[in-house]
Amino acid sequence: MRRPGRGLIAGVAVLAVPALASATLASPVETPPGTIVFVSNLSPAATAEGRRIGESRVHSFSIDGETRLDVTGAAGYGSDQGVALSPDGRTIAFLRTRRGSDGAELWLADADGRNARRLLSPEPLESFTFSDSEPYFQGPAWSPRGDVVALDVVSTASCLPGYTKCASWYTRLVPVDGRATRITGGLNASWSPAGQVLVRAGLFSLEEPEEWILAVDNADGSEAWQTDDSRPWKRRDSCWSGGSWSFDGARIILVETDCDGTTRRLHVVDAQTGERLSVLRGCCASWAPSGQRLAYVAFDKGGNEITIANADGRRPRRIAHGSLPGWSPTGSRLAYLRRAGARDELVIARSDGRRPRVVAQGSRNGVQIGAWSPDGSRFAFTRRTGDRTEITVTRGDGTAPRIVARQPRRAVVLDRWAPDNRRLVYWDAREGTAAHLRVVDTETARIRMLYRSLEGAYAFSVGWRTGTGALLVVEAVGGLYPEELWTVRADGSGLRRLTRNRRGELDPAWSPDGSRIAFWRDDPRAGKKPEDLCVYVMRSNGSAVRKVVGGAQGRYASDPDWSPDGGSLAVVRWLASGHQDIWVVGLDGRRARRVTRTGHGFAPAWTPDGKAIAFSDDGAPTLVSPVGNRQRRLLAERDANQCSGFAWSPDGRRVAAFCGIPGGLVLATADGAEFRSIDRWADRAPSWSPDGEWLVYQAPSGLRIVDAAGDTPTEIDLRGATASQPDWSPR
């Protein structure tokens, strides 16, 4: 925003601008005045005390909804993630990353958060890896006896200096009693019931994913077997995942995929020798609890088929067109979805596939496969009917269905049964809002709220704490949130969200009296293309939003900037031809007049005296009168080009801009006589403080302020969010 003042465009005193004192960031001696409006994907959850984007912590909720315990997230630490509950439900393993550090450490704690202790720190050039969205890396994995934790590790210790595509990938087996760790090849450790571990490894190269190795190692780190040239069934052009052990530990199902993730085949392998017993063209395999059968979805030209086979994968028998087979805990029943014309049917059959019973019918994708109670005596599922979702519970054989919860206009996802086989935990959320974790008593249909997540956070449960009836939940503050308008003071305090429509507002600009803010946004017309690109004005608190100018293609409007008297806006109008020029328009959308006719104008900025508008003419910094009758270059071509985001000092004596040449933030006298580069790392959009002593601008890491002398810039702490297009209030 360019603000009114007494200065003139030319004939000002020479301005000396010293170079930056240091490349490091510092804190200003005093807080500059005014409030900054900016565009950000800042998650509302990150504004809660002590929270930052990308950080997670663990909570414990009693099943009666009465008690909440913060298990991790102690002061001084940044994030606890990759949380794994031990087999006995008494201990958690997790990766802890301190704020300001890129390296995670392996920690253990009691499930209630007590006795937290660091178990292992990475060696030099090592890092402990985890991703909740990347299948290559998993969090800590407990051995069946709970005495060893397997951990994915990446190391560059064996790489030549400067060679960025080199890395070693392996698994550390870490005893919880502090004994020396052991290393085994590969990642994604999958433990057998007897304590052997399956790992997989490869080049992990996006260009040439090959040389995948599958190996089974013993708990002491010694090798049982691995795939090599003696096992020609392992294709070199395939990626491998899975590692599903049968319940008796005698066999493993490995999933062969194209390296883009498309499943090719299922391999049933002898766990002791590595001998391939059979290969199945399909996906989604699951073992019966007895270990004597497996169910999977076979690929067929006529559609996917639910198939049951012997434990070695032989003698397959197809029982229905369908998907998502799931065994009951006792192994006596099999549930699956099948297609019936334009509808879906939920079916429960005997373990051999015979005597199928249709439990529910619904529209395509309207019925979701459910969850068995721990003892297999009950089965729960969801069905969408009209604008509501219902949770239904049946007996284990699919009889006696009863609706226990109805959630209007909300999506419902079943989470897990409580150990008492009676209460059921589920998530519900309306699109675009925070999720709620609820528990329903399936006998009384009474519902309790366990947890209400912060808006912009996501959460998932880990498991039940043994003997407490408490559920562990990991809550993470998300970083992918729709861009909205926010305000903040220069010291990072007073963070406030102005807009809540999730449409993506851009280029906010304060009015000269600070009472209103102009901006533009992409506003889809009933979800159809093309969008309406319109300029809006609202009060400074985000209320009373109204359209000023703009519309569909051929009438687009963007980049608003206030005239010094607050009576009109300079905007960019986009024509159907694709050309764009600067226009001046009244706040009621009337009295529009075209100021430029170059076809390449954008980023208008009024001079404080209202006698001219700076703009970018296809990157050339240019001045034009508000009536369009005079136009000249603002900064000499030898000094600056590819410029945008102009900002006049309140007295009109200086102009700041973002320029591709020479690069970054530049500062000059209004007549262009003095010119200096301030911060080469700046990335668009400078704006002056009300007293003319400071500049705020967009940097790669967020918002940055620097004093008018160009001394050491300072970051504004925005809780890890991205930020852009700042504008400082006039007072």
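Observations
- Residues that are surrounded by fewer than 20 Cβ atoms within 10 Å (Cβ to Cβ), among the charged types (D, E, K, R) and farther than 20 Å from Phe247 by Cα, drawn from region 280-314: Arg281, Asp300, Lys301
- Selection count, region 538-565, where residues are farther than 17 Å from Arg500 by Cβ and aliphatic (A, V, I, L, M): 4
- Residue within region 612-625 that is surrounded by fewer than 17 Cβ atoms within 10 Å (Cβ to Cβ), assigned to a strand (DSSP E or B) and not charged (D, E, K, R) present: no
- Filter result for Ser577 (assigned by TED's automatic domain parsing to the domain that holds Ile517, hydroxyl-bearing (Ser, Thr, Tyr) and under 27 Å from Ile36 (Cβ atoms)): no
Every residue, every condition in (1) touching a residue at least 24 places away in the same chain (Cβ under 8 Å); (2) of a type outside the set (D, E, K, R), yes or no:
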residue: His436; (1), (2): no, yes
residue: Thr442; (1), (2): yes, yes
residue: Tyr481; (1), (2): yes, yes
residue: Asp491; (1), (2): yes, no
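- Looking across Arg51, Arg90, Arg57, one residue alone is within 30 Å of Ile447 (Cα to Cα), in contact with a helix residue (DSSP H, G or I) (Cβ under 9 Å, 6 or more places away or on another chain), surrounded by 15 or more Cβ atoms within 10 Å (Cβ to Cβ) and not assigned by TED's automatic domain parsing to the domain that holds Val149. It is Arg51.
- Every condition in (1) within 34 Å of the chain's Cα centre (by Cα); (2) free of Cβ contacts under 8 Å to residues at least 40 places away in the same chain; (3) buried (at least 20 other Cβ atoms within 10 Å of the Cβ) holds for Ile253 except the one numbered (2).
- Selection from region 380-408 of residues that are assigned to a strand (DSSP E or B) and touching a Gly at 6+ places or on another chain (Cβ under 6 Å): Ala380, Phe381, Arg383, Arg384
- Residues that are of a type in the set (D, E, K, R) and assigned to a loop (DSSP other than H, G, I, E, B) within region 673-731 comprise Glu674, Arg680, Asp683, Arg684, Asp691, Glu693, Asp711, Asp717, Arg719, Arg731, listed in sequence order.
- Residue selection: Gly550 fails the criterion of being small (Gly, Ala, Ser), more than 31 Å from the chain's Cα centre (by Cα), part of a loop (DSSP other than H, G, I, E, B) and farther than 19 Å from Leu634 by Cα.
- Here Phe247 passes the criteria (1) modelled with pLDDT under 90; (2) closer than 22 Å to Ala194 by Cα; (3) surrounded by fewer than 18 Cβ atoms within 10 Å (Cβ to Cβ) except the one numbered (1).
- Single residue of region 586-611 satisfying the filter (more than 18 Å from Gln642 (Cα to Cα) and either within 39 Å of the chain's Cα centre (by Cα) or not assigned by TED's automatic domain parsing to the domain that holds Asp522 (or both)) that is surrounded by the fewest Cβ atoms within 10 Å (Cβ to Cβ): Gly589
- For the criterion of being more than 29 Å from the chain's Cα centre (by Cα), within 25 Å of Ala570 (Cα to Cα) and free of Cβ contacts under 8 Å to residues at least 60 places away in the same chain, Leu695 passes.
- Any hit, region 452-466, residues being on the phi < 0 side of the Ramachandran plot, among the aromatic types (Phe, Trp, Tyr) and touching an Asp or Glu at 6+ places or on another chain (Cβ under 7 Å): no
- Answer residue from region 409-421, given it is in contact with a Ser or Thr (Cβ under 6 Å, 6 or more places away or on another chain) and either of a type outside the set (D, E, K, R) or in a loop (DSSP other than H, G, I, E, B) (or both) and is modelled with the lowest pLDDT among those: Val412
- Within region 112-166, the set of residues being on the phi > 0 side of the Ramachandran plot and either modelled with pLDDT of 75 or more or not in a loop (DSSP other than H, G, I, E, B) (or both) comprises Gly113, Asn115, Leu125, Gly146.
- Residue check: Val655 meets all listed conditions (1) more than 19 Å from Ala620 (Cβ to Cβ); (2) at pLDDT 90 or above; (3) crowded, with 17+ Cβ neighbours inside 10 Å but one, namely (1).
- The strands (runs of 3 or more DSSP E) found wholly in region 1-107 and carrying at least 3 residues that are modelled with pLDDT of 85 or more occupy 35-40, 56-62, 79-85, 91-97.
- Annotation note: of Ala557, Ala576, the sole residue that is in a strand (DSSP E or B), without any contact (Cβ under 8 Å) to a residue 40 or more places away in the chain and of a type in the set (A, V, I, L, M) is Ala557.
- Scan of region 169-220 for residues that are in contact with a strand residue (DSSP E or B) (Cβ under 7 Å, 6 or more places away or on another chain), at pLDDT 80 or above and among the acidic types (Asp, Glu), ordered by number: Asp217
- Of Thr468, Thr487, all but one fail to be touching a residue at least 12 places away in the same chain (Cβ under 8 Å) and either part of a loop (DSSP other than H, G, I, E, B) or in contact with a helix residue (DSSP H, G or I) (Cβ under 8 Å, 6 or more places away or on another chain) (or both); the exception is Thr468.
The values are calculated or read from the model by the stated rules, or taken from the named source; none is laboratory data. Keep in mind that this is a model prediction, so the values were computed, not measured. Backbone-built Cβ (ideal geometry, glycine too); neighbour counts: all protein chains shown.
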